[in-house]
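Where a number appears in this text, it was derived from the coordinates with a stated rule and is not lab data. Because the structure is a prediction, the values reported are computed rather than measured. Don't worry about glycine lacking a Cβ; one is built from the backbone with ideal geometry, like all the others, and counts go over all protein chains shown.
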Amino acid sequence: MTSSATAATTLYKPVLARPSEWPAWYTALEKVAGDRDLGEAIDISNDDWLPLSRVTFSTFEDFLDRRYPLDTPRTAKAKRDLVDNATPQQMQSWRSFEAQKLREHKAFEKQETLIREIKEWIRSSTAATYANLAEPRNTALKDIVRKLHTLVSISTGEEVERAREAYRSVLRKPGKSLSPSKWLLQWQEAYSEAVRLNIDEIKGTLARTSSQLQGHMTPTGRAP
C-alpha cells in the first residue's frame, strides 16, 4: 500500500464508544481494510473469505517420500535411498515446488502484517466499553468485528429502551410543577434522542400529545 493510501486511512479515525457511532466507525473500517485489499476480511455478511494458511516447507527427502508414496511407510534408510537415486528432473521439481511455497509464504506474511495493522486500527479506535473485544491478538479479524457488531446491536436495544423511558418521563412532567422553559428544554433533548433512535413514542398519538403539551403549557408550568 502506498504512503498516500496509508495517510488517507489515518486522517480520520472515529471512536466507537456507543452504538450510534457504529455506522461511521464501520465505514471508516471498510476504508482501512479496502486500502489493504482486505475488504472481505471484515465483511461479517460474507463467510466465504478465509485468510491465507501458514506454509510448511519440506526437505528433498520428504518431498520424494510424498511424491512417490507406498502402501506402508518407508524406513529412514529407504528415504535416504530415494535421495541417493534421485534424478536431476526430480531435484528440479522439488526446487520449483519450494519456490512456489516461498511465494506463498511471502504472501502469507504480507497478509498477516496487513491484518495486524487493521487490528491495531480497531484497537486504537475502540473506546473502553468495547476494548476487551478488540484487544485479543490471536482472535480472527472477522470474529473481532462480528463480536463488536453483536455487542453494539445489544447495546442499541438497551439504548432504545432508555430513550423510550426518558421520553415518556418528560411527557409526564407537565402535570407537575415545572417551568415551561425548563420542560421544553428537557423535551427537546429527549425528542432529539427519540428521533435519532426512531422510537415508537414519537409516532402517532404520543407524538401529537407532546406537541399539544408544548403549545398549551400554562404560566405556572402545569398542563391545562
Starting from the amide H of LEU16, placed 1.01 Å from N in the peptide plane, find each other amide H under 5 Å away whose residue is 5 or more places distant or on another chain.
-> THR126, ALA127
Straight-line reach from LYS79: which aspartates and glutamates have a Cα under 17 Å away, not including same-chain ones fewer than 8 places off?
-> GLU61, ASP62, ASP65, ASP71
Ranking TYR68, ILE122, VAL83 by how far each Cα lies towards the positive end of the charge dipole of segment 37-165 (+1 on Lys and Arg Cβ, -1 on Asp and Glu Cβ), the top one is VAL83
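Neighbour counts of other C-beta atoms within 10 Å: give me PHE97, PHE60 arranged from fewest to most. Working shown, then result.
Details: PHE97 15, PHE60 18.
Ranked by crowding around the Cβ, least crowded first: PHE97, PHE60.
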Whichever lysines have a C-alpha closer than 28 Å to that of LYS142, once near sequence neighbours (fewer than 8 apart) are set aside | LYS13, LYS31, LYS101, LYS106, LYS110, LYS119
